[in-house]
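Novice: Following this message is one structure expressed as structure tokens.
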Amino acid sequence: MRQRVIAVVGVVALIGLVFALNFYRLPVVALSPGPMEDVLARLKVEGSRVYDSEGKLYLTSVGIDDNVRFYEALLDMANRDVQLVPRAQLYPEEQDSAEIDRENVALMDRSKETATVVALRQVGYKIEPSGVEVTQVVAGAPADGRLRAGDEIVAADGHPVDSTDEVRKAITGHKPGERVAFRVERGKGEKNVSVEVQEVEDQPRVGILLRDLFPDLPVKVTIETQNNIGGPSAGLMFTLSIIDKLTREDLTGGRRIAGTGEIALDGSVLPVGGVGEKLIAVHRLGVTTFLIPAENCAGVRGQVPDGLRLVKVSKVDDALRFLRDPKVAATAPGC
């Protein structure tokens, strides 16, 4: 009788453990191939003539599961297309999923604005910034507690500023231990803020991230992406698609081309995450050309599907030369 009771208790305990494991959320994130979208089909332009294209320019994305349970992880580990990474590698511990989603939406919106500015400059418009916004204050830095995300810097050391370059010049003009005098718009008023300069990596710093603000642009561009895609990684494909729409020349040449990469205001193409998963999605759709940031090349060696050509780009001009010139396209460097 006693042995039977022990056996029953053991079975109940095992069932309880299995049940508990099923609800245990692991501190990992599952990355998988995400949806692709033809940006040209999602793009609307007001204020300029537009031109049609025969081909397609695809943005690529990564599916992210931030709610991985024990048994889901076992299935994910058996799936070659899914990668499990520590959650802390992607997200700060203090951020919940809702905060992350909001941040990714903001990054996507900013990416669209940056792509529009870069594209308009490429087709001949003179676009200059008209203000500077603080986007982040580094915890523990001299600016922490003095400047805030959302502050608009209107002057530095008594001189009006309209661009991030002007703010950086004001900061780097000081020696460590000296102070920069900022005047910022905060809410409905203005405030004078003095911040000490410290040396970080041999450079004067105060611990803020900045972005340029722009006036109403001469051409309004709207890109309606779907599938809850967020983040900055579609910037390159946004830029190329806007240029394609605004120029008579068909950059696609009837081709289907995918790509990834964050775009900077100077036209640089910056590395992004999840490229291996994006390559799988591209290959499944039958696309054979993928534009990849040069700095991502090392991370995808051994992960490139057969028949998929990678074209390495460091700036938007590299991608444009590839699209416009068949000779360049034939010899363009890959990874």
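Novice: If the requirement is being crowded, with 23+ Cβ neighbours inside 10 Å and within 24 Å of Cys297 (Cβ to Cβ), which of these qualifies: Ile242, Ile208, Ile257?
Specialist: Ile257
Novice: Of all residues in region 192-209, count the ones that are touching a residue at least 40 places away in the same chain (Cβ under 8 Å) and either over 21 Å from Leu107 (Cβ atoms) or in the same structural domain as Val39 (by TED's automatic domain parsing) (or both).
Specialist: Summing the residues that are touching a residue at least 40 places away in the same chain (Cβ under 8 Å) and either over 21 Å from Leu107 (Cβ atoms) or in the same structural domain as Val39 (by TED's automatic domain parsing) (or both) in region 192-209 gives 8.
Novice: Looking at Leu84 and the list (1) modelled with pLDDT under 70; (2) outside any strand (DSSP E or B); (3) within 26 Å of Leu285 (Cβ to Cβ), which single condition is not satisfied?
Specialist: Exception for Leu84: condition (2).
Novice: If you go through region 304-318, how many residues are over 16 Å from Thr288 (Cβ atoms) and either among the hydrophobic types (A, V, I, L, M, F, W, C) or assigned to a loop (DSSP other than H, G, I, E, B) (or both)?
Specialist: Total satisfying the criteria: 3.
Novice: Something else: Right, Gly131: under 24 Å from the mean Cα position of the chain (by Cα) and not aromatic (Phe, Trp, Tyr) or not?
Specialist: Criteria met by Gly131.
Novice: Give the number of residues within region 220-233 that are assigned to a strand (DSSP E or B) and surrounded by 18 or more Cβ atoms within 10 Å (Cβ to Cβ).
Specialist: 2
Novice: Determine which single condition Lys169 fails, assuming it passes every other condition in (1) modelled with pLDDT under 95; (2) of a type outside the set (Asp, Glu); (3) surrounded by fewer than 18 Cβ atoms within 10 Å (Cβ to Cβ); (4) assigned to a helix (DSSP H, G or I).
Specialist: Failed condition: (1).
Novice: It is to be established whether one or more residues within region 282-289 are touching a residue at least 24 places away in the same chain (Cβ under 8 Å), crowded, with 18+ Cβ neighbours inside 10 Å and in contact with a Leu (Cβ under 7 Å, 6 or more places away or on another chain).
Specialist: The answer is yes, given that some residue of region 282-289 is touching a residue at least 24 places away in the same chain (Cβ under 8 Å), crowded, with 18+ Cβ neighbours inside 10 Å and in contact with a Leu (Cβ under 7 Å, 6 or more places away or on another chain).
Novice: Considering region 244-270 alone, what residues qualify as being assigned to a loop (DSSP other than H, G, I, E, B), without any contact (Cβ under 8 Å) to a residue 60 or more places away in the chain and among the hydrophobic types (A, V, I, L, M, F, W, C)?
Specialist: none
Novice: Scan region 8-58 for residues that are at pLDDT 65 or above and either in contact with a Ser or Thr (Cβ under 7 Å, 6 or more places away or on another chain) or in a helix (DSSP H, G or I) (or both) and report the count.
Specialist: Qualifying residue count for the region: 16.
Novice: So, Leu217, is that one in contact (Cβ under 8 Å) with a residue 60 or more places away in the chain, surrounded by fewer than 16 Cβ atoms within 10 Å (Cβ to Cβ) and closer than 24 Å to Leu107 by Cα or not?
Specialist: In short, yes.
Novice: Evaluate the following for Leu265: is it in the same structural domain as Val117 (by TED's automatic domain parsing), farther than 19 Å from Val39 by Cβ and of a type outside the set (Val, Ile, Thr)?
Specialist: Yes.
Novice: Could I ask something else about it? Would you mind stating whether Gly273 is in the same structural domain as Ile64 (by TED's automatic domain parsing), over 21 Å from Ile64 (Cα atoms) and either modelled with pLDDT under 95 or in a helix (DSSP H, G or I) (or both)?
Specialist: Here the answer is no, as Gly273 does not meet what is asked.
The values are calculated or read from the model by the stated rules, or taken from the named source; none is laboratory data. Only a predicted model underlies this, so the values are computations on that prediction, with no experimental measurement involved. Don't worry about glycine lacking a Cβ; one is built from the backbone with ideal geometry, like all the others, and counts go over all protein chains shown.
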